[in-house]
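These notes concern the structure reproduced below.
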């Protein structure tokens, strides 16, 4: 899996904690910024830099972090093929993958502590689309994913 991670100044400390976890677990990633808290990239630069790289397949998944997770989420979802999820719990991070096939996890550095953030990243990275769901729900969600793709085709020309 090719993973990108990026933050603005408000998400920097949470990003650094997650990077430590990724390194400890030998999970490869590319840190696309902010790399220096004294020279931060704002959320409106960070998210539009990362989202197209997920949309075009350069990265399979990404983690974006700002103060609330909502700013990067809004901007990431402006790109066709990006399904970003702003999550505040481990359960939401897991279900964003299992149900919605989210490819970008958005976190809030003001809201989520390092330990919780790491658990959320674990859930996001370890869960696959449709994982542990009932057969009827899997069938429904496959159809729903096709409908969403059709909606995207109409929105993104």
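Taken together, the values in this text are just the output of simple stated rules run on the coordinates, not laboratory data. Predicted model only: the values in this text are computed from it and were never measured.
Quick notes on this structure:
- Pair-distance profile P(r), taking every C-alpha pair of the chain, with 10 angstrom steps and integer %: 12, 42, 34, 11, 1, 0
- Relative to the longest principal axis of the Cα atoms of the chain, helix 135-155 runs at roughly 70 degrees.
- When the Gaussian network model of the chain links Cα atoms closer than 10 Å, the mean-square fluctuations of 44, 140, 12 top out at 140.
- Principal-axis tilt of helix 43-55 within the chain, Cα atoms, nearest 10 degrees: 40
- When the chain is treated as a Gaussian network with alpha carbon springs shorter than 10 Å, the biggest mean-square fluctuation among 92, 62, 51 belongs to 92.
- Rounded to 10°, Cα long-axis angle of helix 12-24 versus longest principal axis of the chain: 70
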